[in-house]
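Chemist: One structure coming up, written as structure tokens, with questions to follow.
No lab work stands behind these numbers, since they all come straight from the coordinates. Here the structure is a predicted model, which is why all the values come from computation and not from measurement. Cβ placement follows ideal geometry from the backbone for every residue including glycine, while neighbour counts extend to all protein chains displayed.
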Amino acid sequence: MATKRKPKPTKRKASAEAGSGWQPPTPSWVSGMTKQLNSIATQVAGIAITTQALSTKVDAANTKLDALTKQATAISQKEDTAMATIDDIKTAVQNEATVEQGVITLLQQLATQLQAAVSSNDPAAMQAVVDQINANAKALSDAVAANTPAAT
């Protein structure tokens with residue numbers, strides 16, 4: 001059995017003589033390509049400058065955003081403090097209302113006791129009510145004095 005050999009491909013010469021149609025670049029073509037490459041290089045440099053300017057602007061925007069975030073946090077903290085103060089005021093008003101209601105109840109009870117003592121025409125009962133009024137008046141006076149800020 002004989003093996004068939006494949007013929008070796010022949011190399012073509014890249015020349016006008018070989019019929020390939022290739023011709024060396026002309027000086028005007030080289031000049032045109034050089035201008036195009038220079039134009040592309042200028043555009044690339046411009047893009048690099050634009051990218052750098054954009055990066056600078058992004059950094060400045062990030063700095064401003066950080067400042068705004070800090071301001072928002074400070075405002076939020078002040079709001080929390082204000083809410084705590086408002087809650088404290090509400091509690092104080094409720095406590096004051098409770099104290100006022102206690103004084104009203106005390107006066108009503110004293111009036112009822114005094115009426116009962118007068119109706120019974122019992123001098124000892126009347127004196128007991130007077131003593132209780134005096135004791136309560138002293139306790140109330142001391143409480144008001146203790147909770148009233150000094151005048152400046």
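Chemist: Could you tell me whether segment 75-93 includes any residue that is free of Cβ contacts under 8 Å to residues at least 12 places away in the same chain, surrounded by 10 or more Cβ atoms within 10 Å (Cβ to Cβ) and touching a helix residue (DSSP H, G or I) at 6+ places or on another chain (Cβ under 8 Å)?
Modeler: No: zero hits.
Chemist: Take Ala137 and decide whether it is of a type in the set (A, V, I, L, M), out of contact with any helix residue (DSSP H, G or I) (no Cβ under 8 Å at 6 or more places or on another chain), surrounded by 10 or more Cβ atoms within 10 Å (Cβ to Cβ) and assigned to a helix (DSSP H, G or I).
Modeler: yes
Chemist: Would it be correct to say that Ala61 is touching a helix residue (DSSP H, G or I) at 6+ places or on another chain (Cβ under 8 Å), surrounded by 10 or more Cβ atoms within 10 Å (Cβ to Cβ) and part of a helix (DSSP H, G or I)?
Modeler: no
Chemist: Would you confirm, using the coordinates I've provided, whether Ala117 is touching a helix residue (DSSP H, G or I) at 6+ places or on another chain (Cβ under 8 Å) and surrounded by 10 or more Cβ atoms within 10 Å (Cβ to Cβ)? Step through it out loud before you land on a result.
Modeler: Details: touching a helix residue (DSSP H, G or I) at 6+ places or on another chain (Cβ under 8 Å): yes; surrounded by 10 or more Cβ atoms within 10 Å (Cβ to Cβ): yes.
Against the criterion (touching a helix residue (DSSP H, G or I) at 6+ places or on another chain (Cβ under 8 Å) and surrounded by 10 or more Cβ atoms within 10 Å (Cβ to Cβ)), Ala117 qualifies.
Chemist: Hey, among Leu110, Leu54, Leu37, which residue is surrounded by 10 or more Cβ atoms within 10 Å (Cβ to Cβ) and touching a residue at least 24 places away in the same chain (Cβ under 8 Å)?
Modeler: Leu110
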